[in-house]
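Here is the structure we will look at, set down as structure tokens.
We did not get these values from a lab; they are worked out from the coordinates using the rules stated. A quick note: this is a predicted structure, and the numbers were derived from the prediction, not measured. Here the Cβ positions follow ideal geometry from the backbone for every residue, glycine too, while neighbour counts run over all protein chains shown.
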Amino acid sequence: MMLPVTPSTFETRVGKCSLRVRPLRQSHRAMRLAFPNPTGPVFKLTPELICQGKIESRESPRRRIILPIHREQEDLVQRMVNFLQPGTYIRAHQHPRVAASETIVVTSGVLGFVTFDSRGEILTADRLPTGGLVDIVAGVWHTVVALEEDTIIIEIKRGPYSEEDKVFAEWAPLEGSEGASAYLTSLMEQVFSAASPPQD
């Protein structure tokens, strides 16, 4: 999955990462939500893939990118590595299908994990350090925020992926809308005031 070194690639550095990356046009960056699904019987999360995930999440307008581990979207268990940067906005949602539990493990950085009631009132807010784990059952309204640069999480949940897999909260602004940034700032100030998202 590493990009080949060609005349059109350049070397970029993020922290201790040094990686040759093919430049993406801004329009392509905006559309890139995830890496391709891996192939083969064994997947390894290499230092090179971690570096590439950090770099692409920093360059993405969404401030995050997903590296799927499952081979097909139809897999019954969805496994993903999610690279998150402070300021990324993930609209509050739930997974309504029967037995649609979700497990999140923090492998790097610090994650804020928030749950809500059906009206959008905050029920719980937890700061999960590296090594932290949270597991929720189906139907729990929730969101996550990155409280440190290069926060990396592993997500495991029921598959296969479909439009029925995720229901967004009507009381949470659409991603990319004018209200999303203000909502994220308000949420951070309410429960994670020590770590505010970066300003543009």
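Among the strands (runs of 3 or more DSSP E) confined wholly to the range 102-200, which include 2 or more residues that are over 17 Å from the mean Cα position of the chain (by Cα) and over 22 Å from residue 54 (Cβ atoms)? Please lay out each step first, then the result.
Details: elements: 102-108, 111-116, 122-128, 133-136, 141-146, 151-158.
The strands (runs of 3 or more DSSP E) meeting that bar are 122-128.
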Filtering the range 159-181 down to residues that are within 23 Å of residue 69 (Cβ to Cβ) and either in contact (Cβ under 8 Å) with a residue 40 or more places away in the chain or surrounded by 12 or more Cβ atoms within 10 Å (Cβ to Cβ) (or both) yields 159, 160, 161, 164, 165, 166
The number of residues in the range 63-99 that are more than 14 Å from the chain's Cα centre (by Cα) and under 30 Å from residue 182 (Cα atoms) is 3
When (1) touching a residue at least 60 places away in the same chain (Cβ under 8 Å); (2) touching a Phe, Trp or Tyr at 6+ places or on another chain (Cβ under 7 Å); (3) β-branched (Val, Ile, Thr) are applied to residue 115, the one that fails is (1)
Residue hits (the range 107-138; of a type outside the set (A, V, I, L, M), under 19 Å from residue 166 (Cβ atoms) and surrounded by 14 or more Cβ atoms within 10 Å (Cβ to Cβ)) are 113, 115, 116
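Restricting the search to the range 128-158, which residues are closer than 16 Å to residue 94 by Cβ and touching a residue at least 40 places away in the same chain (Cβ under 8 Å)?
Within the range 128-158, the subset closer than 16 Å to residue 94 by Cβ is 134-144, 155, 157-158.
Within the range 128-158, 138, 139, 140, 141, 142, 143, 144, 155, 157, 158 qualify.
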Flagged in the range 53-91 as of a type in the set (A, V, I, L, M), under 17 Å from residue 147 (Cα atoms) and in contact with a helix residue (DSSP H, G or I) (Cβ under 6 Å, 6 or more places away or on another chain), in numbering order, are 65
